[in-house]
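Colleague: Take this structure first; my questions come after.
Derivation of every value follows stated rules applied to the coordinates shown; laboratory data play no part. Every value quoted in this text rests on a predicted model; they were computed, and no experiment measured them. Cβ placement follows ideal geometry from the backbone for every residue including glycine, while neighbour counts extend to all protein chains displayed.
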Amino acid sequence: MYVIPLSLSPSPVDLLTSLTVLGASEFSSTDRDGVIETVSISYWRTLDDIHTFAYGPLHREAWQWWDKSVKGFEHIGINHEIFAADPHHWEAIYVNFQPTLLGATTYLKKGDKLVGGVVEDQYVGALVDARKGPLRTSAGRLGWEPTFNREKFGQVVASEEKV
């Protein structure tokens with residue numbers, strides 16, 4: 001078994017949570033030839049935070065390990081993609097569907113002292129119920145006027161009928 005030696009201080013979790021990582025998710029699949037693909041996706045608040053991580057000590061140490069070890073792992077490939085989406089220019093909905101990718105992400109919610117006890121740090125999901133209110137329609141989820149899609153596209157979808 002091979003492991004990436006990460007002996008850095010602060011810890012990787014502390015380092016990532018000090019940046020604005022919004023969350024992460026992971027999944028695996030096997031193609032028809034039996035090739036296993038594992039995908040890790042992280043969501044960041046800004047491109048600057050991605051680059052702070054990419055050029056920081058944790059990523060650099062992992063990448064140096066990869067550069068020294070790649071010849072022994074010719075069956076492993078690495079892919080990197082960055083997509084930037086401005087606020088109010090994306091959405092993810094799940095209806096009778098298991099949340100995946102963005103919907104499956106979690107983020108570290110730091111605990112705090114309460115009267116009579118302590119709340120532990122915990123990882124929580126960011127999904128919200130969008131069956132009513134402004135989040136019920138695509139326009140509402142994107143922060144647009146409720147009638148935007150109707151005026152622009154001339155159609156009413158079922159979820160907008162009562163808006």
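Colleague: Can you pull out the trypsin sites (Lys or Arg not before Pro) in the stretch 67-140 that DSSP calls coil and that have at most 11 other Cβ atoms within 10 Å?
Modeller: Here the sparse-neighbourhood loop sites are 110, 131, 132.
Colleague: Please list, ordered by chain and number, the residues whose modelled amide H lies under 5 Å from the amide H of residue 106; skip anything fewer than 5 residues away on the same chain.
Modeller: 24
Colleague: OK, next. Check residue 20: other-chain or 5+ apart residues with amide H under 5 Å from its amide H, H built from backbone geometry?
Modeller: Long-range HN contacts for residue 20: 45.
Colleague: For the stretch 12-127, I need the span (max minus min coordinate) of the C-alpha atoms along each principal axis, in Å, sorted largest to smallest.
Modeller: 56, 40, 30
Colleague: Can I ask one more? Using a 7 Å offset from Cα along Cα-Cβ at residue 26, what residues in the stretch 70-107 end up with backbone N under 20 Å from the label point?
Modeller: Backbone N within reach: 70, 73-82, 99-107.
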